[in-house]
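Trainee: After the C-alpha cells below, expect a handful of questions from me.
The values are calculated or read from the model by the stated rules, or taken from the named source; none is laboratory data. No experiment lies behind these values; they were computed from the predicted model shown. Quick reminder, even Gly has a Cβ in these numbers, built from the backbone with ideal geometry, and neighbours come from all protein chains shown. Side chains included, ligands, DNA and RNA excluded: accessible areas come from the protein's heavy atoms. Shrake-Rupley method; radii C 1.70, N 1.55, O 1.52, S 1.80 Å.
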Number of protein chains: 4
Amino acid sequence: MTRGPKPALKARKTPVQSRSRVTVDAIFEATIQVLLREGMRALTTTRVAERAGVSVGTMYQYFPNKQALVYALNERYLDALAGRIEATCAEMRGAPLAEMAEALIDTYWTAKTERAEVTRALYRSVVELDNDALLQDFATRADAATTAMFASAPDMADRDAPTLNLTLAAVIYGTVRNAFERGLSDKDARRLRRNLADMCQAYLAVKAEHHTGAIAWSTS
Amino acid sequence: MTRGPKPALKARKTPVQSRSRVTVDAIFEATIQVLLREGMRALTTTRVAERAGVSVGTMYQYFPNKQALVYALNERYLDALAGRIEATCAEMRGAPLAEMAEALIDTYWTAKTERAEVTRALYRSVVELDNDALLQDFATRADAATTAMFASAPDMADRDAPTLNLTLAAVIYGTVRNAFERGLSDKDARRLRRNLADMCQAYLAVKAEHHTGAIAWSTS
Amino acid sequence: MTRGPKPALKARKTPVQSRSRVTVDAIFEATIQVLLREGMRALTTTRVAERAGVSVGTMYQYFPNKQALVYALNERYLDALAGRIEATCAEMRGAPLAEMAEALIDTYWTAKTERAEVTRALYRSVVELDNDALLQDFATRADAATTAMFASAPDMADRDAPTLNLTLAAVIYGTVRNAFERGLSDKDARRLRRNLADMCQAYLAVKAEHHTGAIAWSTS
Amino acid sequence: MTRGPKPALKARKTPVQSRSRVTVDAIFEATIQVLLREGMRALTTTRVAERAGVSVGTMYQYFPNKQALVYALNERYLDALAGRIEATCAEMRGAPLAEMAEALIDTYWTAKTERAEVTRALYRSVVELDNDALLQDFATRADAATTAMFASAPDMADRDAPTLNLTLAAVIYGTVRNAFERGLSDKDARRLRRNLADMCQAYLAVKAEHHTGAIAWSTS
DNA sequence: GATGAATGAGGGTTCATTCAT
DNA sequence: AATGAATGAACCCTCATTCAT
C-alpha cells in the first residue's frame with residue numbers, strides 16, 4: 001500500500017551521527033525560513049545552504065537534489081503529524097465516537113496551527129510533482145489509525161468503519177485546512193472549531209439513533 | 001472589498017474579437033493541459049504556446065507575463081465558480097437551511113468534479129504568488145452570497161448568520177477539496193457526499209432544537 | 001572618396017509627394033523624441049511608429065529596416081550641417097583666415113547648440129555600426145569646403161592648405177563636441193567659444209609671422 | 001564630488017585572488033574584442049563569455065549584469081587615464097604653461113593612440129545609459145589635476161585658472177578625439193599633434209603679453 | 001568531508017520584421 | 001496603401017548540479 005518515494009528522492013544518508021543531525025536540522029529549518037520569507041520561487045539551493053550556514057556542496061551530501069530536500073521536509077512533517085494522530089488514536093481507544101472525533105479535531109487543529117508558518121511554508125512547497133505519493137502515504141497511515149480507533153468505540157454498533165472513517169477524516173481534515181487558509185481571527189477560529197465538533201457529534205448522534213432503533217430525529 | 005489584481009497581472013487586451021477569443025481560449029486550454037500532464041514545474045511559456053499552437057510572441061500579446069496568465073486562468077475559473085454559487089444561492093432563497101446546505105454541496109461538488117482535471121490543474125497552479133488575493137476575493141464573494149441565502153431561510157431563527165455561514169462554508173468547501181484530493185472511487189465519493197449532507201442536516205437540526213426550545217438531544 | 005551607404009541602408013523611396021514627406025518627417029521627429037526621452041535602448045520600431053502616428057507597416061514602407069531609419073536620420077542631419085558649413089565657406093571666401101576660423105566656429109557651435117537635444121539624440125544613435133561611413137562622408141565634404149575657403153584667404157601665403165585645414169577643422173570640431181559633452185553653463189560656454197576663437201587667431205598670427213619673414217614671437 | 005556608480009552597476013566581487021583576476025581580465029579583453037570586431041550591437045553576454053573562454057554563469061559571478069560589465073570596463077580605462085594625467089600634472093608642476101600644455105597633449109594623445117582599438121571599442125560602448133556619470137567623474141578628476149598644475153605655473157600671472165583649464169582641456173581632449181576619429185595617417189597625425197601644441201603655445205604667448213603689459217601681437 | 005567557483009541548459013521576455021486583411 | 005497581429009530568433013539572466021581544491 002505504501003508506495004514509497006522514487007529512488008531519486010531518498011535522502012542520501014540517514015543522519016545517525018549527531019553532527020549530521022544538526023546539519024540536516026539546520027537545512028530543514030533554513031528551507032522553512034526561505035519558503036516563508038521569500039516564497040517558493042526564491043527557494044534556491046544556494047539560498048538555503050547560505051541560511052543554513054553550510055555550503056551547497058555539503059547540502060548535496062545529504063540530499064541528492066533539491067526535490068529530495070523538499071520531499072524530505074514534507075515527509076518529516078507528515079511523519080510527525082501521522083505520529084500524533086496515531087498517539088491520539090491509541091489514547092482514545094475504547095472511548096465513545098463523539099469523544100474520538102473531538103480528540104481528532106483537537107490534535108489536527110493544534111498540529112496545523114501551533115506553527116502556522118511552517119504549515120503555510122509546506123503548503124507552498126507541495127508544487128513538487130511527486131509529493132502526491134507522500135500525501136497518499138500519509139492518508140493511508142492516518143486512515144489506518146483512525147479506522148482502528150473508531151472500530152474500538154463502544155457505540156460503533158454495526159456501522160461501516162471505513163465509511164465512517166472516510167466521512168469524519170475528510171470532514172475534519174478538509175475543514176481544518178479550509179479554516180487555515182481563511183486566516184481566521186482567533187475568535188472565529190474558536191467558533192468554527194467548536195461548531196465542527198458539534199457537527200460531528202450531531203452526525204454521530206443521529207446515526208446512533210438509526211443503529212439503536214431509536215426514532216430518527218427527522219421524524220420526531 | 002475586492003482588492004483587485006496588481007497592475008502587472010492584468011491581461012493586456014480584452015479579447016473582444018472572435019479570433020482573439022479563440023486564441024485566448026486555446027492558451028488557457030493549453031495551460032491546463034501542460035499543468036495536468038507535466039505539472040507546475042514544466043509550465044513554461046514556450047511549452048504553453050507550443051501546445052496552444054501559437055507563438056510565444058502571440059501569448060505575450062495577450063498576457064504581459066507568465067504570472068498574469070496563471071492569474072487570469074484562476075480568475076476565470078473562480079469567477080465562474082462564484083457565479084454558480086451565486087446562482088444556487090439565488091435559487092434557494094427562502095428554502096429551509098438543510099436544503100440550502102444540500103444544494104450548496106451539490107453545486108460545489110459538481111463544479112469541482114465535472115472537469116476534475118481542470119480542478120487539479122488549478123490547484124497546482126495556485127501556489128504562485130499573489131493568487132492569495134484571488135482566493136480572498138473569491139471567498140468574499142461566495143460568502144456574501146451564501147450568507148445572504150442563509151439569512152433568508154425560514155428556520156434561521158435567531159442564529160448568527162455569519163457564524164453559521166462560516167461553519168457550513170468551511171466544512172463544505174474543505175470536505176469537497178479533501179475528497180477531491182483523495183481521488184475516491186465513485187462509490188466512495190457518493191457515500192461521502194451523502195454523509196456530508198447528512199452531517200450538515202444533523203447539525204442544523206440540533207441547532208434548531210436549541211433555538212426552538214426543544215430538549216437538546218444530548219440530554220435525552 | 002564617397003563610400004556611400006550599404007544598399008540595405010538606403011531609404012526605400014524618396015519622398016517626392018507631399019504626403020510622403022509629411023510622414024517621413026513625422027517618423028524622423030518621432031525617432032528623435034523617443035531617443036531623447038527614452039534613450040537608444042527604447043528605440044523600437046513600434047514605439048517610433050506609435051509616436052509618429054503611423055503603423056509599423058507604414059514605417060517599413062519608407063525604411064527597409066530600423067538601421068536604415070537611424071542611418072537616414074543621421075544622414076539628413078549631417079547633410080544639413082555640411083550644407084551650413086558650405087554656405088559659410090562660400091560667404092567667407094576671400095576673407096582673412098582669422099575671420100574664416102571665427103565664422104566656422106560660429107556656424108558649427110550654433111548648429112550643435114541650437115537644438116542641443118537633437119544633437120544629443122543623434123550622438124546616442126551613432127552606435128549603429130555603419131555610421132562610420134556616414135561620418136567619413138561628412139568629413140570629406142566639409143573638408144572640401146573649408147579647404148577651398150582657406151585657400152582663398154589673402155593671408156594664406158605659402159601655407160599648406162590641407163594641413164591648415166586639418167588643424168583648424170580638428171581643433172574646432174573637436175573642441176565644440178567636447179564643450180557640448182561637458183554640458184557647460186552659458187557663461188562658461190561663451191568663454192570657451194571666445195577663447196577657442198582667440199586660440200585660432202593666435203595660431204594663425206604666429207604662422208603669419210613665420211611666413212612673412214617676421215621674427216618669431218618666441219625669440220623676441 | 002564623485003557620484004559613484006548606481007549599486008546595480010557595481011562589480012560583484014573584487015578580484016583579489018590571482019585566478020579571479022585572470023578571469024576578469026579575460027572577460028574585459030573579450031569585451032573589447034567583441035566590441036571591436038562586431039560592434040556594440042553584437043555585444044551579447046554569450047558572445048563575450050565565449051570569447052573569454054568562460055561560461056556565462058562565470059561572467060555573472062563577477063558582474064551582476066551586462067551593463068555593469070561595460071561600466072566596469074570604462075571605469076577601469078578612465079581610471080587609468082586619469083591616473084596618467086595626474087602623473088603628468090605632478091611631474092610638470094612649476095613648469096611654464098606652454099610646456100604643461102605640450103606634456104598634456106603628449107600624455108593624452110599617447111594614451112588614446114597606443115592601443116587605438118581599445119579606445120575605439122570604448123568609444124562605441126559609452127553610449128550605454130549612465131556612463132555619463134562615469135565621464136563626468138573622469139572630467140572632474142582630470143580637471144582637478146590640470147587646474148592645480150596650471151595654477152603652479154610661474155607664468156600664470158593673474159589668469160583665471162578655471163577658465164584657462166577649461167579652454168586647454170576642451171581643446172586638447174576634443175582635438176585628440178577628433179583626430180582619432182579621422183583615422184589619420186601617421187604623417188598627418190604627427191603634423192596635427194605638432195600644430196595643436198603650437199596653437200596652445202601661441203594662445204598662451206598672446207595671453208602672456210596681455211598680462212605682462214607687452215604690446216599685443218595684433219598691433220605690432 | 002567540506003567548499004564554492006564554474007558550468008550551461010533552459011527560462012522569461014523583447015522586438016524587428018512579415019503578410020493577410 | 002495602410003494596418004497591426006503574429007512570428008520566432010535571440011537576448012539576458014538564473015540556478016541546480018558538479019568537482020577540483
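Trainee: Starting from the stretch B:138-164, keep only residues that are within 15 Å of B:Tyr203 (Cβ to Cβ) and open to solvent by 20 Å² or more (accessible area, probe 1.4 Å), then list their pairs with residues that are at pLDDT below 95 and not in a helix (DSSP H, G or I) whose Cβ atoms are within a distance under 6 Å, requiring at least 6 positions of separation or different chains.
Mentor: Filtered contacts from the stretch B:138-164: no entries.
Trainee: Okay, next question. Quick one: which residue in D:Tyr108, D:Tyr77, D:Tyr71 is touching a Phe, Trp or Tyr at 6+ places or on another chain (Cβ under 8 Å), of a type outside the set (A, V, I, L, M, F, W, C) and either more than 17 Å from D:Arg193 (Cα to Cα) or modelled with pLDDT of 90 or more (or both)?
Mentor: On the way: D:Tyr77 fails: touching a Phe, Trp or Tyr at 6+ places or on another chain (Cβ under 8 Å); D:Tyr71 fails: touching a Phe, Trp or Tyr at 6+ places or on another chain (Cβ under 8 Å).
None of the others qualify; the one that does is D:Tyr108.
Trainee: So B:Arg93 fits all but one of (1) open to solvent by 30 Å² or more (accessible area, probe 1.4 Å); (2) over 24 Å from B:Ala202 (Cα atoms); what number is the exception?
Mentor: Going through (1) open to solvent by 30 Å² or more (accessible area, probe 1.4 Å); (2) over 24 Å from B:Ala202 (Cα atoms) one by one, B:Arg93 breaks only (2).
Trainee: Return yes when C:Val54 is at negative phi, assigned to a helix (DSSP H, G or I) and either more than 14 Å from chain D (Cβ to nearest Cβ) or within 13 Å of DNA strand F (Cβ to nearest atom) (or both) and no when it is not.
Mentor: Working: at negative phi: yes; assigned to a helix (DSSP H, G or I): no; either more than 14 Å from chain D (Cβ to nearest Cβ) or within 13 Å of DNA strand F (Cβ to nearest atom) (or both): yes.
For C:Val54, the condition - at negative phi, assigned to a helix (DSSP H, G or I) and either more than 14 Å from chain D (Cβ to nearest Cβ) or within 13 Å of DNA strand F (Cβ to nearest atom) (or both) - is not met.
Trainee: Which residues, taken from the stretch D:40-59, are open to solvent by 50 Å² or more (accessible area, probe 1.4 Å) and of a type in the set (A, V, I, L, M, F, W, C)?
Mentor: Of everything in the stretch D:40-59, just one residue is open to solvent by 50 Å² or more (accessible area, probe 1.4 Å) and of a type in the set (A, V, I, L, M, F, W, C), namely D:Val56.
Trainee: Within the stretch D:57-90, restricting attention to residues that are within 14 Å of chain C (Cβ to nearest Cβ) and near DNA strand F (Cβ under 8 Å from one of its atoms), which residue is farthest from the chain's Cα centre (by Cα)? Working first, answer last.
Mentor: From the stretch D:57-90, those within 14 Å of chain C (Cβ to nearest Cβ) are D:65-67, D:70, D:78; that's our starting set.
So of that shortlist, the ones also near DNA strand F (Cβ under 8 Å from one of its atoms) come out as D:65-67.
Values: D:Asn65: 24, D:Lys66: 22, D:Gln67: 20 Å.
Here the residue is D:Asn65.
Trainee: At pLDDT below 95, within 8 Å of another protein chain (Cβ to nearest Cβ) and closer than 11 Å to D:Leu97 by Cα, is that true of D:Ala157?
Mentor: Details: at pLDDT below 95: yes; within 8 Å of another protein chain (Cβ to nearest Cβ): no; closer than 11 Å to D:Leu97 by Cα: yes.
No; evaluated as a whole, the condition is false for this residue.
Trainee: Could you please give the count of residues in the stretch B:40-51 that are away from every other protein chain (no Cβ under 14 Å) and either over 22 Å from A:Arg41 (Cβ atoms) or in contact (Cβ under 8 Å) with a residue 60 or more places away in the chain (or both)?
Mentor: Qualifying residue count, the stretch B:40-51: 2.
Trainee: Pairs please, first residue from the stretch A:18-31 and in the same structural domain as A:Arg47 (by TED's automatic domain parsing), second anywhere and aromatic (Phe, Trp, Tyr) and in a helix (DSSP H, G or I), Cβ atoms under 8 Å, 6+ apart in sequence or on different chains.
Mentor: Pairs found: A:Ser20/A:Tyr62; A:Thr23/A:Tyr62; A:Val24/A:Tyr62; A:Ile27/A:Tyr62.
Trainee: Please work out which one of (1) within 9 Å of chain B (Cβ to nearest Cβ); (2) within 12 Å of the chain's Cα centre (by Cα) is the condition A:Thr119 fails and give its number.
Mentor: Evaluating A:Thr119 over (1) within 9 Å of chain B (Cβ to nearest Cβ); (2) within 12 Å of the chain's Cα centre (by Cα) leaves (1) as the failure.
Trainee: Conditions first: (1) of a type outside the set (Ser, Thr, Tyr); (2) in the same structural domain as A:Ala133 (by TED's automatic domain parsing); (3) within 13 Å of DNA strand E (Cβ to nearest atom). A:Gly53 passes all but one, so which condition is the exception?
Mentor: With (1) of a type outside the set (Ser, Thr, Tyr); (2) in the same structural domain as A:Ala133 (by TED's automatic domain parsing); (3) within 13 Å of DNA strand E (Cβ to nearest atom) applied to A:Gly53, the lone miss is (2).
Trainee: Does the stretch A:28-39 contain at least one residue that is in a helix (DSSP H, G or I), open to solvent by less than 60 Å² (accessible area, probe 1.4 Å), away from chain B (no Cβ under 14 Å) and within 12 Å of DNA strand E (Cβ to nearest atom)?
Mentor: no
Trainee: Does at least one position in the stretch A:185-197 carry a residue that is of a type in the set (A, V, I, L, M, F, W, C) and within 27 Å of B:Arg120 (Cβ to Cβ)?
Mentor: We begin by selecting, within the stretch A:185-197, every residue of a type in the set (A, V, I, L, M, F, W, C); these are A:189, A:192, A:196-197.
Now drop any that are not within 27 Å of B:Arg120 (Cβ to Cβ), which leaves A:192, A:196.
The answer is yes; a qualifying residue exists.
Residue-by-condition table, conditions (1) in contact with a helix residue (DSSP H, G or I) (Cβ under 8 Å, 6 or more places away or on another chain); (2) buried (at least 23 other Cβ atoms within 10 Å of the Cβ); (3) more than 7 Å from chain C (Cβ to nearest Cβ):
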| position | (1), (2), (3) |
| --- | --- |
| D:Ala169 | yes, yes, yes |
| D:Ser185 | no, no, yes |
| D:Leu196 | yes, yes, no |
| D:Cys200 | yes, yes, yes |
